[in-house]
Structure formats: C-alpha cells, structure tokens
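What follows is calculated from the coordinates using simple rules that are stated; it is not laboratory data. The model shown is predicted, which means the values in this text are computed figures rather than measured ones.
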Amino acid sequence: MYDHVVKTVTTATDSLTRAGHTFEVVALLYLQGESDSAAEATVADTRMKELTDHLRRDLPSANGLRVIIAGIAASGGTRDVVRAKHAALALDSGTFSFFATTDLRQHLPDQLHFDKMAKLIVGERFAEASLKQTIHRPAP
C-alpha cells in the first residue's frame, strides 16, 4: 500500500508541476485500521513516526508533512493500546494531532466499520483539525 500511495501522490504532483503549479504536501489524514496484533499495537506510535519520516523522504515537497490521526472507534484489547499510543504521540509532537472517534460507536453497524453518517462526521473532524493546525494555506 505504501508504494501505491507514493506512486499516486507523485503522479498527481507531477501533473501539477507540468501545468506550472507549485505545491506543498502538508498533511496526511490518517484513519487507523482496527485489526492490529498485540505486537503491532505496542509499536503503533513508532510505526506512525516511521511512516511519516518515509513519506517526507519519498513524496515531493513533503518535508513539513504533518499527520492528523483519527482514533479507532471500537474498544477493547489492541484497539485501546493503538488509540492510546496515537493520542500520546500527538501530545509529544508538533507533527501529529489526534482526535477521538469513540463517541461514534453507535455508528459501527458491524462493531468495526463506520456507517455513512460516521464517515461524514469523521470527514468534518479532519477538516476542523486541519484548520486548527493551520495546515490549510490558501494560495496568495
């Protein structure tokens, strides 16, 4: 998936460059999956830092990339660990921010995946977090 993301973003940014536009890749909006193993959960913060470092290196004009993490909604076991690791990462760094989604548990029809309403709410929260972090930079 990493290679797919890098290729897709690079293709898009190459198109911008060819059209004479300048750009900066300023943020990754990250919605964590819910199926980490116990070992993966304990290093969720480290893996997020490594992902960010690699994206900054491999994406064009992404040196200042920030990450907004939407926490896991479902509860229990490794999900609680991952959510705690991501929330703590946001507290310790200006690069990461985190918002909770545990209030949306009633929107998990299969106890795992968000329904349409929850996806819209999460999208709004990503937008709010982006604005709060002054990530959005309108063209002069």
Listed by chain and number, the lysines with an alpha carbon less than 19 angstrom from that of K132, same-chain partners under 8 positions apart left out, are none
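Can you tell me the mean projection area, over all orientations, of the convex hull of the range 26-132's alpha carbons? Units nm², please. Intermediate results must be reported in sequence, preceding the final value.
Numbers: hull surface 27.2 nm².
For the range 26-132, averaging the hull's shadow over all directions gives 6.8 nm².
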Taking Cα atoms, the helix 116-132 axis meets the longest principal axis of the chain at an angle in degrees (rounded to 10) of 50 degrees
Measuring from the longest principal axis of the C-alpha atoms of the chain, the long axis of helix 44-58 (C-alpha) lies at a number of degrees, nearest 10, equal to 10 degrees
Helix 2-18: inclination vs the chain longest Cα principal axis, degrees, rounded to 10, gives 30 degrees
Residues meeting the amide H criterion for R66 (H placed from the backbone, H to H distance under 5 Å, 5 or more places apart or on another chain) are A27, L28
Non-local residues with an amide H under 5 Å from the amide H of F98, with H modelled 1.01 Å from N and Pro and chain starts lacking one, are I69
Here the relative contact order (percent) of the range 26-132, from C-alpha pairs under 8 Å and at least 6 apart, is 28 percent
